[in-house]
Structure formats: structure tokens, C-alpha cells
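The structure under discussion appears below in the form of C-alpha cells.
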Amino acid sequence: MELRHLRYVVAVAEHGSVSRAARAMHVSQSAVSEQIADLEREIEVALFDRAFRSIRLTPHGELFLAEAKKTLAAAAQAVKVAQGSHRGEIGELRIGFFAGGVGAGFPKVIKAFRKKHPDIRVVLEEMPPTTQWHALLDGRIDIGFTRRLESPYSEELESETVRQDPVVAVLPRDHPLAPGPVDIGDLAKESFVLSSRDTSPALFDKVIELCSEAGFSPRIAAISTVWSSVALLVEAGVGISILPLNLQQDRTHDLVFCPLTSPGASVELVMAWPKVRETPALDSLRKLVRGSARQL
């Protein structure tokens with residue numbers, strides 16, 4: 001049984017005549033008759049009563065007609081869905097991000113994307129930068145807002161810089177160097193609380209690089225995986241830190257965030273995506289991000 005068989009049944013039932021159905025479908029009358037006869041033989045049920053001048057559905061044919069219309073409607077919807085997905089109008093887009101890096105403009109960009117593509121389901125998943133890299137390769141997310149990629153991910157994923165985030169010295173409010181600006185060389189004798197390299201290697205390496213350029217290696221007192229824990233440890237007097245500016249800084253009243261005078265005191269926020277999974281929805285989001293660079 002094929003969809004054309006169902007279309008012939010519907011056409012004959014609606015026109016009440018094989019000849020009129022054939023004309024409406026631009027096929028020969030014999031083709032319609034033969035296809036319906038083939039269908040009846042296949043399902044072993046008479047769908048039409050041919051004893052009258054005008055062909056009529058049998059009771060079984062009435063039931064078959066209702067289901068045939070549902071099947072044809074479902075097939076048409078399937079085509080519509082596939083075409084809409086191809087045009088990037090429907091589907092799903094899974095986005096990875098980390099709260100300490102995306103910035104105030106990120107929700108506005110997502111809201112604008114939702115407005116532009118109301119039939120695309122947007123799934124947001126918060127995860128550290130390195131976790132995003134794995135998720136991109138595993139197919140769990142379609143695009144990630146993360147830090148600069150490291151090898152081998154930089155070879156297997158595409159990426160594009162969204163912006164440069166300045167890194168600042170995070171000091172207790174009563175620290176002698178507050179409120180800055182701070183020459184990182186003046187922090188040489190301090191103990192450092194750093195973000196883990198396992199979750200954010202770009203930030204960890206940037207801190208080591210800045211300290212090395214200033215002529216010292218940082219004395220690491222503690223390492224944590226999340227921004228809030230690093231800030232808590234600095235508040236507790238464990239040490240000072242170097243972190244990118246982000247939305248959470250306003251929540252910590254006992255700390256100050258001092259600009260660094262060192263050239264290159266910044267880390268990249270990048271959007272990354274798999275090379276092999278290009279979709280119209282993904283392309284649309286990238287274009288929206290590029291157009292919203294100032295907002296981000």
C-alpha cells in the first residue's frame with residue numbers, strides 16, 4: 001500500500017465518480033480504477049459498492065476513508081516539518097554556557113533568537129568550559145559559549161571569538177592595593193586562589209602567563225572549580241585571585257575587583273560548534289551573536 005492508493009480512495013469518495021476523480025487528479029480513469037482494485041485485493045476488503053450508478057463507499061470503506069485522511073494529513077505534516085527544519089524554522093537548538101562568562105547581554109540574545117524562531121525549542125545547559133567541549137563532540141549540545149579551545153578540541157571543533165573579557169585582581173576590601181589599578185608584580189608575595197585548570201584551562205594559563213611575565217610564579221593556596229567558590233575563599237582570607245569580570249561580582253560586598261595594568265590581561269569568550277553538524281538554526285544564532293557583539 002502506498003500513499004497514492006489512499007489519495008485515489010479519497011478523491012473518488014469526495015467526487016462520487018471515478019471519472020471526475022481522474023480528471024481532478026490529471027490521471028486516466030483506468031489508472032484510478034486499477035489502483036483502487038489493487039488496494040482492495042491487497043487488504044481483502046471491498047471499499048466501494050459499484051452496484052449503483054454513482055460509486056459509493058461500503059461501510060468498511062467509510063471507516064477506511066477516515067483513517068486514510070488521517071494518514072495523508074500526517075504525511076503532509078511530516079513533509080512540512082522536514083522542510084521547516086531544513087529552513088531552520090523548527091527543531092531544537094541545545095546551547096551550552098557558563099554563568100561566569102556569558103555576560104548581561106546573553107539572555108537578550110537568546111530572547112531575540114526565540115522571538116525570531118518561535119517554533120525552535122531552545123535548551124540551555126550550564127556547564128564549565130571543558131565540559132562543553134566534551135558535550136559538543138558527543139552531540140549533547142549544538143553550540144557552546146566557552147573559553148578558547150585547547151588541542152585536540154581546537155582541531156575537531158569550529159570556534160569564533162565573541163569578545164575579550166578583562167581579568168581583574170580580586171582582593172579583600174581592606175587590602176592595601178584596593179581599589180587599584182593593580183600591577184600584577186605587586187602581588188608576587190600573595191597567596192593565590194585559582195580556578196581549576198581542569199574546568200577552565202584558558203583562565204588558569206592566563207594567570208600563570210601574567211605572573212610569569214611579571215617575573216614570578218604564583219604561590220597557589222587553593223584551587224576551586226567555580227567562580228563563587230573562588231570568591232568565597234578570597235573573602236575567607238585564604239588568598240587573592242585573578243578572575244574575569246562577570247555578573248556575580250555585585251553579590252560580594254566584601255571584595256573589590258581591581259583592573260590590572262598588564263597588557264593582555266584578558267581571556268576570550270568564544271562560541272564553538274561541531275564541524276560536522278551545521279544547521280540553519282545554528283547558523284542563525286551565530287549571525288545573531290555577531291550582530292549583537294556590542295550588546296554582548
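Every read-out reported here was derived from the displayed coordinates using simple, explicitly stated rules and does not represent laboratory data. Since the model is a prediction, treat every value here as computed from it, not as a measurement. Heads up, the Cβs are rebuilt from the backbone with ideal geometry, glycines too, and the neighbour counts pull from every protein chain shown.
Charged side chains reduced to their Cβ positions (Lys and Arg at +1, Asp and Glu at -1) give the range 3-86 a dipole of some 360 debye around its Cα centre. Amide H contacts for residue 192 (H built 1.01 Å from N in the peptide plane; partners 5 or more residues away or on another chain; cut-off under 5 Å): 219, 220, 221, 222, 240.
Tell me, what is the percent relative contact order of the range 166-266, built from C-alpha pairs under 8 Å that lie six or more residues apart? Intermediate results must be reported in sequence, preceding the final value.
Details: 183 pairs, mean separation 49.7, N = 101.
The normalised contact order for the range 166-266 reaches 49 percent.
Within the same chain, lysines fewer than 8 places from residue 206 are excluded, and of the rest, those with a Cα less than 21 Å from its Cα are 189. Relative to the first principal axis of the alpha-carbon coordinates of the chain, what is the inclination of helix 3-15, with its axis defined by its Cα atoms, in degrees from 0 to 90 and to the nearest 10? Tilt relative to the chain: about 50 degrees. Highest GNM mean-square fluctuation among 265, 46, 75, for the chain modelled with Cα contacts below 10 Å: 46. The magnitude of the dipole of the chain, with charges of +1 and -1 set on the Cβ of Lys/Arg and Asp/Glu and taken from the Cα centre, is near 1380 debye.
The base-10 log of I(q)/I(0) for the range 8-122, evaluated at q = 0.16, 0.20 Å⁻¹, reads -0.80, -1.05 [Debye formula, identical scatterers on Cα atoms, solvent excluded].
So which of 70/115; 111/287; 69/116; 80/115 end up more than 24 Å apart, counting from Cα to Cα?
Working: 70/115 32 Å; 111/287 14 Å; 69/116 33 Å; 80/115 21 Å.
Check vs 24 Å cut-off fails for 70/115; 69/116.
Across all directions, the shadow cast by the convex hull of the chain built on its C-alpha atoms averages 22.1 square nanometres.
When peptides 204-210, 153-159, 76-82, 214-220 are ranked by their average number of other Cβ atoms within 10 Å per residue, the highest-first order is 204-210, 153-159, 214-220, 76-82. For the range 166-266, DSSP calls about 60 percent of its internal beta bridges antiparallel. Our helix-only sum for the chain, with -39,500 (n - 2.57) per DSSP H run of n ≥ 4 divided by its residues, gives a mean residue ellipticity at 222 nm of -13000 deg cm²/dmol. Using the average count of surrounding beta-carbon atoms within 10 Å as a protection proxy, the listed peptides 130-136, 224-230, 28-34 rank, highest first, as 130-136, 224-230, 28-34. Peptides 269-277, 116-124, 91-99, ordered by how many other C-beta atoms sit within 10 Å of their residues on average, highest first, read 91-99, 269-277, 116-124. Here the contact order of the chain, divided by its residue count and restricted to Cα pairs under 8 Å and six or more residues apart, works out to 21 percent.
Annotation: amide H of residue 163 within the under-5 Å range of 269, sequence separation 5 or more or interchain, hydrogens built in the peptide plane.
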